[in-house]
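Visitor: Below is the structure I would like to discuss, written out as structure tokens.
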Amino acid sequence: MSNNQDNLETKLSDAKAVAGGMLSKDKHVSAGNQTTAVEVAKTGSVKDVILWLLAAAILIGATLVNQYLPGYWQPANDVWVRIGLIVVLVIIAFVCLALTNQGRAFKILLKDAAVELRRVTWPGKDETFQYTWQTIVMIAIVGFLVWLLDNFFNWFVGIFIG
């Protein structure tokens, strides 16, 4: 018992040391990135407005390609040309959005999310199996109760209608 407790205390102190180091190191970085992301997202410029309008116009154009372009441009009668053109227009619109301040803030948010995902403790195989069966059982119970309520209300409404 004492050996296990010593191992547990050692692991706990190591975890605290690592967490303390991560918090003190990442607190400034994370807070800086979060503040920067918020500040970047809130800032606006004429360039941002132009890029947002351009992206909206390109996306609207991408939705109209399939219906209207074959009447004006002969190669657009091929379905793969239309699909390729739609994909290219959507990519161009996303590039326009990525060049805005809000797009830069979104990239910072994605980087912060990736850092947080690395910190997640994922469940093991046994825990996953156990939680999956618990979920399946609860779904079956709730499904059965909904079925009972549905039958009851069908019977109840049938009394008044029939």
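Visitor: For the stretch 94-110, indicate whether the set of residues that are among the hydrophobic types (A, V, I, L, M, F, W, C) and over 22 Å from VAL46 (Cα atoms) is non-empty.
Guide: As a first pass, look at the stretch 94-110 and keep what is among the hydrophobic types (A, V, I, L, M, F, W, C): 94-99, 105-106, 108-110.
When the remaining residues are screened for being over 22 Å from VAL46 (Cα atoms), the result is 109-110.
Within the stretch 94-110 (the criterion being among the hydrophobic types (A, V, I, L, M, F, W, C) and over 22 Å from VAL46 (Cα atoms)), the answer is yes, since at least one residue qualifies.
Visitor: Looking for whichever is at pLDDT below 95, of a type outside the set (Gly, Ala, Ser) and surrounded by 11 or more Cβ atoms within 10 Å (Cβ to Cβ) here; the options are VAL79, VAL95, VAL38, VAL46. Which one fits?
Guide: Values: VAL79 fails: surrounded by 11 or more Cβ atoms within 10 Å (Cβ to Cβ); VAL95 fails: at pLDDT below 95; VAL46 fails: surrounded by 11 or more Cβ atoms within 10 Å (Cβ to Cβ).
Result: VAL38 is the single residue among VAL79, VAL95, VAL38, VAL46 that is at pLDDT below 95, of a type outside the set (Gly, Ala, Ser) and surrounded by 11 or more Cβ atoms within 10 Å (Cβ to Cβ).
Visitor: Right, something else. Residues in the stretch 90-123 that are outside any helix (DSSP H, G or I) and either out of contact with any Asp or Glu (no Cβ under 6 Å at 6 or more places or on another chain) or more than 22 Å from VAL38 (Cβ to Cβ) (or both): how many?
Guide: So in the stretch 90-123, the residues outside any helix (DSSP H, G or I) come out as 99-100, 120-123.
From what's left, either out of contact with any Asp or Glu (no Cβ under 6 Å at 6 or more places or on another chain) or more than 22 Å from VAL38 (Cβ to Cβ) (or both): 99, 120-123.
Here the count works out to 5.
Visitor: Residues GLY103, GLY158, GLY84, GLY61: which one is within 24 Å of the chain's Cα centre (by Cα), at pLDDT 90 or above and open to solvent by less than 50 Å² (accessible area, probe 1.4 Å)? It would help to see each step written out before you state the result.
Guide: Details: GLY158 fails: within 24 Å of the chain's Cα centre (by Cα); GLY84 fails: within 24 Å of the chain's Cα centre (by Cα); GLY61 fails: within 24 Å of the chain's Cα centre (by Cα).
One residue alone meets the criteria, GLY103.
Visitor: Residues ASP126, ASP150: which one is exposed (fewer than 10 other Cβ atoms within 10 Å of the Cβ), acidic (Asp, Glu) and either modelled with pLDDT under 95 or assigned to a helix (DSSP H, G or I) (or both)? So that I can check it myself, show each step before the final result.
Guide: Working: ASP150 fails: exposed (fewer than 10 other Cβ atoms within 10 Å of the Cβ).
The match here is ASP126.
Visitor: Return yes when LEU85 is under 30 Å from VAL65 (Cβ atoms) and in contact with a Gly (Cβ under 6 Å, 6 or more places away or on another chain) and no when it is not.
Guide: Numbers: under 30 Å from VAL65 (Cβ atoms): yes; in contact with a Gly (Cβ under 6 Å, 6 or more places away or on another chain): no.
For LEU85, the condition - under 30 Å from VAL65 (Cβ atoms) and in contact with a Gly (Cβ under 6 Å, 6 or more places away or on another chain) - is not met.
The values are calculated or read from the model by the stated rules, or taken from the named source; none is laboratory data. All figures in this text were calculated on a predicted structure; none of them were measured in a lab. Positions of Cβ are backbone-derived with ideal geometry, glycine not excepted, and every protein chain shown enters the neighbour counts. What goes into the accessible areas is simple: the full protein's heavy atoms, side chains included, and nothing from ligands, DNA or RNA. Shrake-Rupley method; radii C 1.70, N 1.55, O 1.52, S 1.80 Å.
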